[in-house]
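The values are calculated or read from the model by the stated rules, or taken from the named source; none is laboratory data. Predicted model only: the values in this text are computed from it and were never measured. A quick note on method: Cβ atoms are made from the backbone with ideal geometry, for glycine too, and the neighbour counts reach across all protein chains shown. Heavy atoms of the whole protein, side chains included, go into the accessibility calculation; ligands, DNA and RNA do not. Shrake-Rupley method; radii C 1.70, N 1.55, O 1.52, S 1.80 Å.
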Amino acid sequence: MSYRMKNAGFKTASLCFSILLANCFNPMAFAKSEPTQKNRRDTTIQLGLFDLAPSLSVTEEFNDNIFLSDSYQKSDTISRVLPALTLQSNWQRVRLRLEALGDAGFYTKSDEDDYLDGELGVSAGSDIGPAFAVDGDFRIAKGHEDRGGEDIPTGAREPVTYDEKNTEIALRYFAGDVHYRAAMAFRQLDFDDTALTNGDIANNDDRDRLELRLIMRASYQLGLGREAYGETTLNQREYESTPDDQGIFRNSNGYRLLGGMTFDLTDLIKADIGTGWMSQIYEDYRLQNNEGFSLRAAATWNITRMTVLDFRAKREIGETTVTGASGIIGESFDAGIEHELRRWLHFRVNGGYQRDRFEGAGRIDRITRFGASLRYELNRFTDIDGSWRYDQRRSNETGHDYRRNRALLTLRLKM
């Protein structure tokens, strides 16, 4: 199927979703949804009909390879400050949540790698009668990518900063044991240009893009704590600079089909496991189209009252601007176990493996990671976390290997 036909199909589906959204605001169709669980912090400040939850984390990190390089390893100590403020309503049928997050990092030796990130978000939802609910979420963020990343220009003198906007509107409908959900999501990325060590400026406009997703899901209740579901996701990825500096048109359309089950068995085992097929069709004939099986899995098992095992796995198609590559088919598996040594003392170990295949470029990266942490809860307002993290990347192309050790000490305050 051609790119234009795929594009037309996506726009038709988007139009149908918009009509569905408009019809749901017909008063004759209003109904009530099942109650949702409110996400509460350990401690909150009551402000009338709102709960205020401020927090602050301060981290000291030693990193022995801040540039993710095998030939030029440089170590540094990084001081991070992460404030957070959440304001959430406690109304009965209407939900409102406001969030403000910050992340400031300061390097002891490499001042040019200092960063200041932040995010503002608002989410709202309402139960509209006995069977309908509508939810919305909007977020704006300013972030950065450290030097040494996959799409960071070679010879970058500082991290790459970017602006990100995310919007999602979702409808939920409950018809007995069958639940339906439809959502439209938008993601916009705007990358800033980067100064190079040779005095030039690297153009990052090639990475600016708009990603649209239409998610449709139907699930059937099999019994207490068990649910079977089918999910379809259509996507459209449009780049602002077409063609890019290499003369490539990177726009694409794709889909992902998933079928699976969720489990919530007496709070001992919680899992969501889905498998299916995915495909991404690119506008430029010089870019290789990607397809293959898709996987999304997450599980938590409370082995005992003091020990918890968790597992995550996924297989998906990601974006890249690496020369010759159309996209990245990424596979990752992570597992961890946490044990409560005392009520106030928690120990955790974790490990993971990731394989990134750059389709059309012949490059394959393999990443392994391990970690361990010890968390000490001084009281309900304060805890201290000490951790060690190790990750290693091995690539079949020279210049992309690295090993990195990080030691972190974090103080968290909740008021």
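Structural remarks
- Two-site FRET efficiency, residue 277 against residue 342, from Cβ-Cβ distance with R₀ of 35 Å, rounded to 0.05: 0.15
- Solvent-accessible surface of the stretch 113-156, averaged per residue with a 1.4 angstrom probe and all protein chains in place: 42 square angstrom.
- When the pairs 142/314; 109/314; 109/165; 314/414 are compared against a 29 Å limit on Cα-Cα distance, 109/314; 109/165; 314/414 fall above it.
- Net lengthening on full extension, residue 96/residue 407 (0.36 nm per residue, minus Cα-Cα): 108.2 nm
- Dimensions of the stretch 224-375 along the principal axes, based on C-alpha atoms and rounded to the nearest Å, stand at 60, 35, 25, largest first.
- Measuring nothing but protein heavy atoms, the accessible surface of the chain at 1.4 Å probe radius is 57 percent carbon and sulfur.
- Extension gain, residue 89-residue 165: 0.36 nm per intervening residue step, less the Cα-Cα distance, totals 25.0 nm.
- Geometric extent, Cα atoms of the stretch 34-176 - Rg, Dmax (angstrom): 20.4, 62
- Summing +1 for each Lys or Arg and -1 for each Asp or Glu among the other residues whose beta-carbon sits under 10 angstrom from that of residue 250 gives -3.
- This model, with +1 at the C-beta of Lys and Arg and -1 at the C-beta of Asp and Glu, gives the stretch 273-415 a dipole about its Cα centre of some 740 debye.
- Computed [θ] at 222 nm, deg cm²/dmol, the chain (DSSP H ≥ 4; -39,500 (n - 2.57); rounded to nearest 500): -2000 deg cm²/dmol
- Computed label-point distance, nm, for sites residue 370 and residue 303 using a 7 Å Cα→Cβ extension: 1.8
- Remark: the residue 285-residue 177 segment gains 34.3 nm on full extension, using 0.36 nm per residue and subtracting the alpha carbon distance.
- Cβ-placed point charges (K, R +1; D, E -1), dipole of the stretch 97-237 about Cα centre in debye, nearest 20: 940
- Each Cα pair of the stretch 155-236 feeds into the Kirkwood radius, which the Stokes-Einstein equation turns, at 25 °C and 0.890 mPa s, into a diffusion coefficient of 154 µm²/s.
- Theoretical FRET efficiency, 1/(1+(r/R0)^6), r = Cβ-Cβ of residue 196 and residue 245, R0 22 Å, to 0.05: 0.95
- DSSP-assigned coil residues among trypsin sites (Lys or Arg not before Pro) in the stretch 263-325, each with at most 16 further Cβ atoms within 10 Å: 286, 305
- Only alpha carbons enter this Debye calculation for the stretch 280-370, each as an equal point scatterer, and the log10 of I(q)/I(0) it gives at q = 0.12, 0.20, 0.23, 0.26 Å⁻¹ is -0.52, -0.92, -1.08, -1.24.
- Loop sites here are chymotrypsin sites (Phe, Trp or Tyr not before Pro) outside DSSP states H, G, I, E and B with no more than 14 other Cβ atoms within 10 Å. The longest part of the chain free of them is 92-284.
- Residue-level accessible surface for residue 211, protein heavy atoms, 1.4 Å, Å²: 30
- Where only alpha carbons of the stretch 233-291 are counted, the Rg and the Dmax (Å): 17.7, 56
- Between the beta carbons of residue 322 and residue 388, assuming R0 = 45 Å, the FRET efficiency works out to 0.90 to the nearest 0.05.
- Extending 7 Å from the Cα toward the beta-carbon at both residue 60 and residue 122 defines two label points whose distance is 4.0 nm.
- For the chain, the normalised intensity computed at q = 0.06, 0.07 Å⁻¹ comes to -0.29, -0.40 (log10 of I(q)/I(0), Debye sum over alpha carbons, equal scatterers, no solvent).
- Accessible area expressed per residue, the stretch 298-394, with surrounding protein chains retained (probe 1.4 Å, Å²): 53
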